[in-house]
Amino acid sequence: MRVILFGATGMIGQGVLRECLADARVTAVLAVGRRLTGLSHPKLREIRHADLADLGPIEDELRGHDACFYCLGVSSTGMREPEYRSITYDFALSAGRTLARLNPGSTFVYVSGAGTDAGARAMWARVKGETENALLELPLEAYMFRPGYIQPLHGVTSQTPLYRVAYMVTRPLWPLLRRLFAEQVTTTERIGQAMIAVAEHGAPKRILGPADINAL
């Protein structure tokens with residue numbers, strides 16, 4: 001399968017890219033983002049595109065793909081809603097609407113988060129919920145991944161300094177967290193493998209939590 005990956009430099013995107021490059025089912029990966037990964041691999045091609053709200057200039061490059069793994073995201077900490085909505089909702093719908101037109105019926109996996117709800121009072125949860133709902137209405141095989149605690153593996157790191165510190169502190173506790181909260185935790189490796197599985201043969205439901213991701 002040919003895959004488009006948004007957000008390849010983020011923590012989840014790094015993990016998903018690693019699994020795509022390692023999996024024989026994925027024949028090509030097109031990474032689209034505002035920054036390059038710096039990686040070199042026979043299956044990987046990258047497009048640096050500054051305005052993710054307007055994919056028109058690179059549309060021809062996006063045709064003919066089987067799946068899109070949308071891992072681009074930002075922490076809402078310290079952000080006002082208009083700015084957060086622009087990055088979270090506008091960018092995702094730009095990708096979804098463009099790919100629905102260019103590759104109708106293709107798979108679109110959106111990384112959301114546990115607690116997402118369009119009716120929530122929390123700004124981040126409401127915006128992500130509205131994003132999920134809008135993507136699910138498009139003519140795509142859309143799936144929403146709602147991971148809880150994510151353990152980065154294989155050298156994957158978060159781009160957010162606060163998160164990097166948090167992961168360093170909790171790393172020794174990972175075996176305990178996995179035993180006590182198996183239904184709420186997953187890894188960057190499992191998320192990547194689950195996305196590939198969904199692109200290959202779908203999933204029993206469109207909104208998938210940590211346990212569903214791990215099962216895939």
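Taking Pro139, Pro104, Pro42 as the candidate residues, the one with maximal mean-square fluctuation in a Gaussian network model of the chain, Cα springs under 10 Å, is Pro42. Taking the chain as a Gaussian network of alpha-carbon nodes connected by springs under 10 Å, the highest mean-square fluctuation of the residues Thr107, Thr131, Thr98 belongs to Thr98. Remark on Tyr143: its backbone amide H falls under 5 Å from those of Phe108, Val109, Tyr110, a criterion applied only to residues 5 or more positions apart or on other chains, H modelled at 1.01 Å from N. Counting pairs of alpha carbon atoms under 8 Å apart in space and at least six apart in sequence, what relative contact order in percent does the chain give? Here the relative contact order equals 22 percent. Between Arg63 and Ser86, the C-beta separation translates, for a Förster distance of 22 Å, into a calculated FRET efficiency of about 0.25.
When only DSSP loop residues count, what GluC sites (Glu not before Pro) in the range 181-216 have their Cβ near at most 13 other Cβ atoms within 10 Å? Intermediate values should be presented prior to the final figure.
Working: sites: Glu183, Glu189, Glu200; in loops: Glu183.
Answer by residue number: Glu183.
How large, in percent, is the carbon and sulfur part of the accessible surface of the range 51-158 at a probe radius of 1.4 Å? On the range 51-158, the fraction of accessible area on carbon and sulfur atoms equals 47 percent.
Two tests apply to each whole DSSP H helix in the chain, Cα reach of 15 Å or more along its axis and mean Kyte-Doolittle hydropathy of at least 0.5, and the ones passing both are 11-22, 91-102.
Result for the chain in a Gaussian network model with C-alpha springs under 10 Å: among Tyr84, Tyr110, Tyr143, the largest mean-square fluctuation is at Tyr84.
Using Cβ point charges alone (K and R +1, D and E -1), the dipole size of the chain about the Cα centre works out to roughly 560 debye. Note that the range 105-146, at 20 °C in a medium of 1.002 mPa s, gets a Stokes-Einstein diffusion coefficient of 208 µm²/s from its Kirkwood radius over C-alpha pairs. Counting Lys and Arg as +1 and Asp and Glu as -1 over every other residue whose Cβ lies under 11 Å from the Cβ of Ser76, the net charge comes to +2.
Considering all projection directions equally, how large on average is the shadow of the alpha-carbon convex hull of the chain, in square nanometres? Before the final figure, lay out the partial values.
Details: hull surface 46.2 nm².
The number I arrive at for the chain is 11.5 nm².
The values are calculated or read from the model by the stated rules, or taken from the named source; none is laboratory data. This is a predicted model, so every value here is computed, not measured. So basically every Cβ, Gly included, is an ideal-geometry build from the backbone, and we count neighbours across all protein chains shown. Quick note on the areas: whole protein, heavy atoms, side chains included, nothing else; ligands and nucleic acids left out. Shrake-Rupley method; radii C 1.70, N 1.55, O 1.52, S 1.80 Å.
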